[in-house]
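Take a look at the structure below.
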Amino acid sequence: TGSSRPQRMLKAVQKNATKGDPESVISAIDYYCRHKEWAMNVGDEKGLILDSVLTEVNPSTALELGTYCGYSTVRIARLLSPGSKLITVEFNPAFAAVARQIIAYAGLQDKVTLVEGPSGDLIPKMKARFGIKSFDFVFLDHWKDRYVPDTKLLEDCGLVSEGSVLLADNVICPGAPEYLKYVRNSPRYESRYYKSNLEYTKVEDGLEKSVFLG
Ligand SMILES: Oc1cc(-c2ccc(F)cc2)cc2cccnc12
Ligand SMILES: [Mg+2]
């Protein structure tokens, strides 16, 4: 049996990046996915928007839904202030296994807790398991039909508070129309769309930033 796309991505990181250097890990993945084989990382173009929103929020506790190979995990963790924490949730164990190695290669394992399992089951356990009061920042990048139920779960579990920022990937492609309706029509969110392109392509996609108003 052959290797998987995530395994080939990991090989590209180990070959082309410098251990302990997150920027080189990000560049190695972007180069591989742009020139060798496409993969569903948030990518370099939308990644710059992620960076800017993250820098503005400067979260003490952040949550990522959908780790995949850890590309956006590395992008987020590299910008966290000392002592800040990122929890990332991945349903697929094969993806999680690669992500752990990529996060470790970047030297960011002390800032990141990767939890394997379905987000819908794990979110209600976050307070008890990790002593989280609430998340200052949430990056939604998992299956699009989970965006609304998981956002409602975060609200119901008191895991978002006034000022918490949700940033959702792929609201155009593959698309999350119910999510856009939810956050744009709710009086509890102030939403803004950042137009961009689907990673490594010229296809339109974008990020939706929604501030929870409490
Ligand atoms: O950024 C993403 C992109 C795609 C995607 C897959 C195939 C396409 F033809 C276009 C887009 C899927 C994702 C699934 C989960 C999290 N992010 C995704
Ligand atoms: Mg995505």
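What chymotrypsin sites (Phe, Trp or Tyr not before Pro) in region 22-85 are in a loop by DSSP, with at most 15 other Cβ atoms within 10 Å of the Cβ? Please list the in-between numbers first.
On the way: sites: 31, 32, 38, 68, 71; in loops: 38, 68.
When the chymotrypsin sites (Phe, Trp or Tyr not before Pro) of region 22-85 are filtered for loop state and at most 15 Cβ neighbours within 10 Å, 38 remain.
For the chain, the mean residue ellipticity at 222 nm estimated from helices alone is -12000 deg cm²/dmol, where every DSSP H run of n ≥ 4 contributes -39500 (n - 2.57) and the total is divided by all residues, rounded to the nearest 500.
Treating r as the C-beta distance of residue 162 and residue 1 and R0 as 45 Å, the FRET efficiency rounds to 0.35. Full extension of the segment from residue 60 to residue 121, taken as 0.36 nm per residue of separation minus the current Cα-Cα distance, would add 19.6 nm. The residues of the chain present an accessible area of 45 Å² per residue when probed at 1.4 Å with all protein chains retained.
Ignoring ligands, DNA and RNA, what percent of the accessible area of the chain is carbon or sulfur (1.4 Å)? Walk me through the numbers before you get to the answer.
Values: 5180 of 9640 Å².
Whole-percent figure for carbon plus sulfur exposure: 54.
Could you tell me which of rounded, prolate or oblate describes the chain, using a ≥ b ≥ c as the square roots of the eigenvalues of the alpha-carbon gyration tensor, with rounded for a/c under 1.5 and, failing that, prolate when a/b is larger than b/c and oblate otherwise?
Values: a/c = 1.66, a/b = 1.35, b/c = 1.23.
Prolate, because a/c is 1.5 or more and a/b exceeds b/c.
Considering only DSSP beta bridges with both partners in the chain, what is the antiparallel share in %, to the nearest 5? Taking every DSSP beta bridge within the chain, about 40 percent pair in antiparallel fashion.
The values are calculated or read from the model by the stated rules, or taken from the named source; none is laboratory data. Keep in mind it's a predicted model, so treat the numbers as computed, not measured. Don't worry about glycine lacking a Cβ; one is built from the backbone with ideal geometry, like all the others, and counts go over all protein chains shown. Heads up: the accessible areas ignore ligands, DNA and RNA and are worked out on the full protein's heavy atoms, side chains in. Shrake-Rupley method; radii C 1.70, N 1.55, O 1.52, S 1.80 Å.
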